[in-house]
Amino acid sequence: MTDLDLVPDLDGVCDPRFAELAARLARNLSSGKDLGASIAVTVDGEPVVDLWGGWADQGRTVPWRRDTITNVWSCTKTITSLAALLLVDRGLLDVDAPVARYWPEFAALGKEGVLVRHVLSHTSGVSGWDRPVTITDILDVPASTARLARQAPWWPPGTASGYHLLNYGHLVGELVRRTDGRSLGRFLAEEIAGPLGADFHIGLPDSEFGRVADVVPPPSRSSDLAGADPNGVAVKTLTGPLGGADESWRPEWRRAEIGAASGHGNARSLARIHSVIACGGTLDGVRLLSPRNIDLIFRQQSDGTDLVLGVPLRFGIGFGLPSPAVPYLPPGRICFWTGWGGSVVVIDTERRATISYVMNRMGAGLLGSDRTTEYVRAAFAALE
């Protein structure tokens, strides 16, 4: 491993092959582009990069430590997807079955044909809540989930993707609850994070609040929706509900099991959990998935302009797949997703590798920031 005494802004370990990745992180921390951050890379389930540095607070009084965690926004969705795939592996959930088989109330108003895989691939037609709805409303997960069951789809299910921005975890989490009996957060803790020894939480206990690095919101981009149809899928999804990144500072947000966006962890925990997929379904004797069910991830469900994000996306079951919208990903049997502001997790099943970046200073960009691109490309260059 590289001697990090030569990189004074960083702590952790780094295989010499990844020295350029470490140097890039150190430069961005030194310049202030990154405030505090962690990067992890695993190969064959083993950490070859586990780096962290910078500051956990805007006042630069609290260092980003080994056990610092932060809100990773939509990287939470990959953990939620893994929970559903684990239930598929156990024969409790069928991706080709109607959602209503497990959740009868969901069949209301034309949703009887929505399949489990439509929900997992953002093609269900239910990408948000009918307005009016507030952040406080969605923090009441049982009530806001029941609202989704009573809605009509906003486009014909299965015909296109429309990114399920904040309700993905409500929909998938309800499938977890209906088939297993446990809430999404409890299922994660007992069946995934616990067995793997991964420090990741959906529904953060109060006892862990002291380790959280609050995110620094990105620059406002209120012009993004200028001229958009106020009753179109994109506006309804992106404003239903409308909330800022500082919502994640609230204790109510941290405690809530928002399986689309309130996951708390760091790069190490994301890489550890997703190493299960990279390594064929089993990691350190913990078996979560069969290779056949890992294949489901790469079963393409959509390939076209996403109705919410407005860029060309490819979705498999539970994960994004490489597309022109993510030029930092090379070709291959790769799946991924990003979080608002730049966090990312990438799983490469051919190289049996995972790459993860988690930070508190949020950047601009739709599917990762400039820093995301820089780090992922540097990691893949070292993996070649």
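Just so it is clear, none of the values below were taken in a lab; they were calculated from the coordinates. All of these numbers come straight from a predicted model, not from anything done at the bench. No Cβ is skipped: glycine too gets one built from the backbone with ideal geometry, and neighbour counts run over all protein chains shown.
Side notes on the structure shown:
- Protection proxy ranking of 331-341, 228-238, by the mean of other Cβ atoms within 10 Å over each peptide's residues and highest first, is 331-341, 228-238.
- Applied to segment 348-356, the Karplus parametrisation 6.51 cos²θ - 1.76 cosθ + 1.60 on θ = phi - 60° returns per-residue 3J(HN,Hα) values of 10, 6, 7, 8, 6, 10, 10, 10, 9 Hz, with x for Gly and Pro.
- Amide H contacts of V48 (H built 1.01 Å from N, in plane; Pro and chain starts excluded): V41, T42, V43 sit under 5 Å, all sequence-distant by 5 or more or on other chains.
- Structure remark: mean-square fluctuation, Gaussian network model of the chain, C-alpha springs under 10 Å; the largest value among L109, L321, L309 belongs to L109.
- HN-Hα J in Hz across segment 158-163 - Karplus 6.51, -1.76, 1.60, θ = phi - 60°, x for Gly and Pro: x, 8, 6, 8, x, 3
- Entry note: the chain has Rg to Rh equal to 0.94, where both radii use alpha-carbon atoms and Rh is the Kirkwood radius.
- Here the extension length gained between L242 and D96 equals 49.3 nm, from 0.36 nm per residue of separation less the Cα-Cα distance.
- Phi angles of segment 274-290 translate, via the Karplus equation with coefficients 6.51, -1.76, 1.60 and θ = phi - 60°, into HN-Hα couplings of 7, 4, 4, 5, 4, 9, x, x, 10, 9, 6, x, 9, 9, 10, 9, 8 Hz per residue; Gly and Pro are given as x.
- The stretch between D11 and W249, if pulled fully straight at 0.36 nm per residue, gains 83.1 nm over its current Cα-Cα span.
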